[in-house]
Every structure is written in structure tokens, then in C-alpha cells.
Amino acid sequence: MPKPEILDPQGKAVLGALPRLGFQGVTDVRQGKRFELEIAGEITEAVLAEVEQMAETLLSNPVIENFTVRVEQPVAGADR
């Protein structure tokens with residue numbers, strides 16, 4: 001996600017469009033990007049540390065972006 005001090009014109013455009021589409025109550029929108037990694041084997045602290053390193057060195061621009069690494073289990077029937 002862009003850091004809070006970084007301008008986010010795409011987020012502002014979405015914020016402006018939501019009321020025009022009939023959606024109310026949203027006070028701010030920040031647009032970001034998401035990477036989904038499938039990892040072979042068990043997810044250990046060492047594996048998570050390596051993924052954090054991947055995010056910091058390749059997947060994000062730490063000058064202007066913050067990132068979060070989390071483990072999610074697939075939900076049956078959740079494909080959209």
C-alpha cells in the first residue's frame with residue numbers, strides 16, 4: 001500500500017465514484033497492489049522471514065510503500 005504521506009490519485013478517484021454509484025459511508029480509499037505466493041512445504045518462521053525479505057527487496061518499493069505478509073488458507077468455493 002502507498003504510505004499515508006504519498007498521494008493516491010486512483011484511491012481519490014474511487015472515493016469520488018462510490019457515491020455516484022449509490023454507495024455511501026466510505027470516508028477514504030487507498031489503492032494498492034497484492035501478491036499471492038504459494039509456498040511448497042510447511043510455513044515456518046524462517047519461511048515467513050524469507051517472504052518478508054522478498055517483499056522488501058522485490059515486491060514493494062519501501063521508499064513509498066508499506067507491506068504486510070500474512071498466511072491465508074484457501075476457502076472452499078471462494079473462487080470468483
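The values are calculated or read from the model by the stated rules, or taken from the named source; none is laboratory data. Note that the structure is predicted; figures quoted are calculated from it, not measured. Quick reminder, even Gly has a Cβ in these numbers, built from the backbone with ideal geometry, and neighbours come from all protein chains shown.
Have a look at Val63, Val14 and point out the one that is out of contact with any Phe, Trp or Tyr (no Cβ under 8 Å at 6 or more places or on another chain) and surrounded by 10 or more Cβ atoms within 10 Å (Cβ to Cβ).
Exactly one residue qualifies, and that residue is Val14.
Need pairs with beta-carbon distance below 7 Å; first residue touching a residue at least 24 places away in the same chain (Cβ under 8 Å) and over 20 Å from Ile6 (Cβ atoms) and within region 43-65, second aliphatic (A, V, I, L, M) and outside any helix (DSSP H, G or I); sequence gap 6+ or separate chains.
Ile43/Val71
Quick check on Pro2: is it in contact (Cβ under 8 Å) with a residue 60 or more places away in the chain and touching a helix residue (DSSP H, G or I) at 6+ places or on another chain (Cβ under 9 Å)?
yes
Starting from residues that are modelled with pLDDT under 95 and β-branched (Val, Ile, Thr), keep the ones in region 7-46 and report whichever is farthest from the chain's Cα centre (by Cα).
Looking at the filtered set, the residue picked out is Thr44.
Within region 38-48, can one find any residue that is among the hydrophobic types (A, V, I, L, M, F, W, C), surrounded by 12 or more Cβ atoms within 10 Å (Cβ to Cβ) and not in a loop (DSSP other than H, G, I, E, B)?
Among the residues of region 38-48, at least one is among the hydrophobic types (A, V, I, L, M, F, W, C), surrounded by 12 or more Cβ atoms within 10 Å (Cβ to Cβ) and not in a loop (DSSP other than H, G, I, E, B), which makes the answer yes.
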